[in-house]
Amino acid sequence: MLMRASLLLLFVAGVGADDTPRNLFDGKSLAGWGYKNGPKFDGKAASDDARFSAKDGILTVHAGTGQKQLHTTEAFGNDFELALEFRAEKNADSGIYIRGPQLQCRDYPVAGPYKNLKNYKPQDWNSIVVKVTGTTAHCTCNGEVLEAALKVPASGPIGVEADRGVMEYRNIKITTQPAKKNPDDQYVLGPESQEQAGVPKGTLKEFDMKTSKTFPGMERKWAIYIPAQYDGKTPASLMVFQDGMGYASRNGAWRVPVVFDNLIHKKNMPVTVAVFINPGDKTLAPGAVKPKRPDGRPAGASNRSMEYDTLSDKYATFLIDEILPEVKKHAIISDKPEDRAIGGASSGGICAFNVAWERPDQFRKVFTTIGSFTNIRGGGKYPEIVKAAEKKPIRVFQQDGAADLDNQFGNWPAANKAMAAALTEKGYDHKFVFGEGAHNSKHGGALLPEAMVWLWR
């Protein structure tokens, strides 16, 4: 039966979406099934080693030497519900492979983990239902829960195991769901994020900061964009971006230099110097290798959360006392706080707000996307802090999406809504764009030109 379950699962995900249950086992052959990296059994009523056979509507798993796994020849990823019936001879043991992980299917009273099922019928027909949503499978036997949340890969084949004794499967039916649309697919970069003929390009210079008085032992990369219209005499406006190097590329998700080129050229925003700053990371010893995440990607900057998520004026002090003096070596920037903006995403988003909140004498414009106004380091307190404090002279463009994070630190959509409500209640110059996206730069990147025009109006 487990075999059938596996087979069914595979077909479910692979065939087109359909709200009507359909048979996945033809009752007379093993078409669409085979051994992993081994023979396939299309058109055959039994496997070559006779461990699996099809006859009279029943898929039978036979006793034999060693374990065998029968897999579908396709891999599947859509959500689905698999329903089937199985009958196990006394002491029989098998299993269903759901995109890889195994769900035990056996004469359950023999051994755990499901030996105490109340509704199981020994040596009689029993029903198994497996509902897969995303990467989670909910599995029941005769209505009793076997696994409430079995983790499975996003895609993969389905299989059944031949281990001990005889197992029979019948009425293998599957109901598939259409592939879910990615809510972020609707957010695309518009014309202001594309290089345009006749628009002069600003220049970008990159630097390494090897030490910091505010954050000792931390080094970081940073860069400065100087627009083509800067004349070297007139103080320019300023905008600072956290996680900065991700914003500095001309062909990335944000493309700040391109957006600034276009908007400054059209006079939709003032001549503005952009500063891109990465979070601090510990200086590596000679020959040391930067740590990696479990998936192999480089580990994040070690001081990012401390710098960005902490509710204090420490990061603002770092910008004002250490970064801005370096910026002024390359451009004359305005000292007026209304000529200065700051932006970021996620923890960089709450950081941007925090800088303006703590030092409105230096920064009065904020661009925050998917902001982490959650309880990473106390950010969930901000709505109440805003409502309790005297209104400050800052302007805020805020974005979040319905599919943003929900984890041990809080719910990002709810936190951003609470923050937006607090700003509205206090009468701030504030715009909140709430979309359908997840925790990424897609919506924020698409909104960047609109946000700049609104902030600098």
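Amide H of PHE52: which non-local residues (sequence gap of 5 or more, or other chain) have their own amide H closer than 5 Å, using H built in the peptide plane?
Amide H neighbours of PHE52: SER47, HIS62.
Contour minus end-to-end for GLN186 and VAL145, with contour as 0.36 nm per residue of separation and end-to-end as the Cα-Cα distance?
My answer for the length gained is 11.0 nm.
Starting from the 7 Å offset along Cα-to-Cβ, what nm value, one decimal, do you get for the label separation of ASN268 and ALA414?
3.7 nm
Can you tell me the FRET efficiency between ASN407 and THR65 if r is taken as the Cβ-Cβ distance and R0 is 45 Å, rounded to the nearest 0.05?
0.45
Pop the C-beta distance of VAL453 and ASP26 into the FRET formula with R0 = 45 Å and round what comes out to the nearest 0.05.
Once rounded, the FRET efficiency stands at 0.15.
Which trypsin sites (Lys or Arg not before Pro) in region 167-214 pass both tests, a DSSP loop state and at most 15 other beta-carbon atoms within 10 Å?
Here the trypsin sites (Lys or Arg not before Pro) that fit, given the DSSP loop and packing criteria, are LYS180, LYS181, LYS201, LYS210, LYS213.
Just check region 20-78 against the gyration tensor rule for me: Cα atoms, a ≥ b ≥ c as the square roots of the eigenvalues, rounded for a/c under 1.5, and otherwise prolate or oblate depending on whether a/b exceeds b/c.
Judged from the Cα gyration tensor, region 20-78 comes out oblate (a/c at least 1.5, b/c at or above a/b).
Please identify the GluC sites (Glu not before Pro) of region 357-457 that satisfy two criteria: DSSP loop assignment and at most 13 other Cβ atoms within 10 Å. Which are they?
Filter output for region 357-457: GLU390.
For P(r) over Cα pairs in 20 Å bins from 0, in percent, the choices are (1) 22, 36, 26, 15, 0; (2) 23, 56, 19, 2, 0; (3) 25, 60, 15, 0; which was calculated from the structure?
Answer by label: (1).
Could you tell me the calculated FRET efficiency between GLU322 and LYS381, based on Cβ-Cβ distance and R0 = 30 angstrom, to the nearest 0.05?
0.65
Tell me, what ³J(HN,Hα) does each residue in region 359-376 have, in order and in whole Hz, if you take phi through Karplus 6.51 cos²θ - 1.76 cosθ + 1.60 with θ = phi - 60° and put x for Gly and Pro?
Result, ordered by residue: 10, x, 6, 10, 9, 10, 10, 10, 10, 10, 10, 6, x, 8, 7, 10, 8, 5 Hz.
Rounded to a whole number, what % of the accessible area of the chain do carbon and sulfur atoms account for, probe 1.4 Å?
C and S fraction of accessible area: 51 percent.
For GLN123 and LYS314, compute 0.36 nm times the residue count separating them, minus their Cα-Cα distance, and round to one decimal in nm.
61.8 nm is the gain from fully extending GLN123 to LYS314.
Scaled to the compact-protein estimate 2.2 N^0.38 Å, what is the alpha-carbon radius of gyration of region 102-208, rounded to two decimal places?
In units of the globular-protein estimate, region 102-208 measures up at 1.97.
Given charges of +1 on the Cβ of Lys and Arg and -1 on the Cβ of Asp and Glu, with all other atoms neutral, how large is the dipole of the chain about its Cα centre, in debye to the nearest 20?
540 debye
Number of Lys-Lys pairs in region 53-163 under 28 Å by Cα, sequence gap 8 or more or different chains?
Step by step, the pairs that qualify in region 53-163 add up to 20.
With the other protein chains left in place, how much accessible area per residue, in square angstrom, belongs to the chain at a 1.4 angstrom probe?
Computed with neighbouring chains in place, this is 43 Å² per residue.
So how do 40-46, 376-382, 256-262 stack up, highest first, on mean other-Cβ count within 10 Å?
By packing density, highest mean first, the sequence is 256-262, 376-382, 40-46.
Which of the aspartates and glutamates could a cross-linker bridge to LYS173, judged by Cα under 15 Å and excluding same-chain residues fewer than eight apart?
Output for LYS173: ASP18, ASP19, ASP26, ASP79, GLU81, GLU85.
The values are calculated or read from the model by the stated rules, or taken from the named source; none is laboratory data. Remember, it's a predicted structure, so these values are computed and weren't measured experimentally. Because the Cβ atoms are built from the backbone with ideal geometry, glycine has one as well, and the counts that use them run over all protein chains shown. Side chains included, ligands, DNA and RNA excluded: accessible areas come from the protein's heavy atoms. Shrake-Rupley method; radii C 1.70, N 1.55, O 1.52, S 1.80 Å.
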